[in-house]
Amino acid sequence: MQRPVVIGLILLIVGNLFSAFYDVSIKWLPDDANAATFLLVRQISSVFMLLPVWLYAQRPMTTHISVHLWRANIGSVGALFLIIGLMALPLATVSSLFYSAPLMIMLMGYWFLKERITTGQVICALLGFVGILIILRPSEINWFGLAVLFSAFTFAVNQLTIKKVPNTEHPLLTLMLYNLLGIPATLVIAAFQGLQGMSWGLFGIALLSNAFLLIYHWFCVLAYRKAQASDIVIAEYTGLLFIVFLGWLLFDEWLDSLSWVGAALIVLPSLLLPWIGMWMAKSPKVMDNLQVKSLHIEAVEGEPKH
């Protein structure tokens, strides 16, 4: 496995640990908290947290403001839907639904960015999705569940649009604009609801969750710039394991035996994929028998088209 892919996987795994911390922090919001008000406070505080670092970095600027504007607004809508889901559904349920995003990233990376995709990656992603369904075992899909799925879709879109930003652009600028340009839309929604639920408790949780989320986004920007999305996206599933561990540690929650099977389907393929790739590379006959075209997916040679 190439060095950039290894680095990208490590960065994404560490980032997902902080993503799990963010999900947990949402569950600590006051009972009267409003999702739009919380998101607005988090976005504004993130800009002030990043401003000194931006000044220290000699005020980097962008020439791709339209891309950042698109990412910020769709990210705001997705974040709002995720917060609503976290406030209404159990943590494990939300996390399981949200981790359909890696499968979306892989498929959209192939369809829209023309990224190369292998049989092993398809199998790993599908096994991971089956594992999510096993853990979730939904008896019914309600509006909150659909909100989380939509949030996962917006997350996938935003991760792929990072590829439209040149590597020469400072990652800090990407994070800052992601929050800054999303404030107007969030402000309209929060103002329409009368800024409900504003309190010091909400403000404190917003600062804490914001720190977790900024660190997560920082690692994501670095990871997806380091390697092709379809090569490292499987590492997104590791965040579900972090959620399971934190649920046990903080809320005395634990997985049953069937859920452990689902977790194994999520994690083990990502761990075994590098070894499978090395074995297949050394076995030309295996490669001939396991062509991507057999899955009606045409592999694309060379660099992804941006």
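The values are calculated or read from the model by the stated rules, or taken from the named source; none is laboratory data. No experiment lies behind these values; they were computed from the predicted model shown. For neighbour counting, all protein chains shown are included, and Cβ atoms are generated from backbone atoms with ideal geometry for every residue, glycine included. Surface areas here come from the heavy atoms of the whole protein model, side chains and all, with no ligands, DNA or RNA. Shrake-Rupley method; radii C 1.70, N 1.55, O 1.52, S 1.80 Å.
Among the residues of segment 20-31, is any part of a helix (DSSP H, G or I), under 28 Å from S199 (Cα atoms) and of a type in the set (S, T, N, Q)?
Yes; the residues of segment 20-31 include at least one that is part of a helix (DSSP H, G or I), under 28 Å from S199 (Cα atoms) and of a type in the set (S, T, N, Q).
Look through segment 162-199, keep the residues that are outside any helix (DSSP H, G or I) and small (G, A, S), and return whichever of them is modelled with the highest pLDDT. So, considering only residues that are outside any helix (DSSP H, G or I) and small (G, A, S), the one modelled with the highest pLDDT is G182.
Applying a threshold of 7 Å to beta carbon distances and a minimum spacing of six or more residues, or different chains, the list of pairs starting in segment 219-245 at a residue that is touching a residue at least 12 places away in the same chain (Cβ under 8 Å) and open to solvent by less than 20 Å² (accessible area, probe 1.4 Å) and ending at one that is assigned to a helix (DSSP H, G or I) and among the acidic types (D, E) reads I243/D23. Set side by side, the residues I215, I189, I135, I123 differ, and just one is under 30 Å from L258 (Cα atoms), of a type outside the set (F, W, Y) and open to solvent by 40 Å² or more (accessible area, probe 1.4 Å), which is I123.
One line per residue, one yes/no per condition, for (1) part of a helix (DSSP H, G or I); (2) at positive phi; (3) without any contact (Cβ under 8 Å) to a residue 40 or more places away in the chain:
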residue	(1), (2), (3)
L39	yes, no, no
L50	yes, no, no
P60	no, no, no
S66	yes, no, yes
R71	yes, no, no
I74	yes, no, no
L80	yes, no, no
M87	yes, no, no
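Yes or no, residue by residue, for (1) more than 22 Å from S151 (Cβ to Cβ); (2) in contact with a Cys (Cβ under 8 Å, 6 or more places away or on another chain); (3) of a type in the set (S, T, N, Q):
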site	(1), (2), (3)
L12	no, yes, no
K27	no, no, no
V47	no, no, no
I65	yes, no, no
V77	no, no, no
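Each residue in segment 92-111 was checked for being open to solvent by 10 Å² or more (accessible area, probe 1.4 Å) and hydrophobic (A, V, I, L, M, F, W, C), and 8 of them qualify. For segment 115-132, the condition holds for no residue, the condition being that it is among the acidic types (D, E), more than 25 Å from P30 (Cβ to Cβ) and either assigned to a helix (DSSP H, G or I) or more than 19 Å from the chain's Cα centre (by Cα) (or both). Using the structure shown, decide if L207 is under 21 Å from the mean Cα position of the chain (by Cα), surrounded by fewer than 19 Cβ atoms within 10 Å (Cβ to Cβ) and assigned to a helix (DSSP H, G or I). Against the criterion (under 21 Å from the mean Cα position of the chain (by Cα), surrounded by fewer than 19 Cβ atoms within 10 Å (Cβ to Cβ) and assigned to a helix (DSSP H, G or I)), L207 qualifies. Just so you know, in segment 246-266 the residues that are crowded, with 18+ Cβ neighbours inside 10 Å and under 28 Å from Y110 (Cβ atoms) include one that is modelled with the highest pLDDT, and it is L265.
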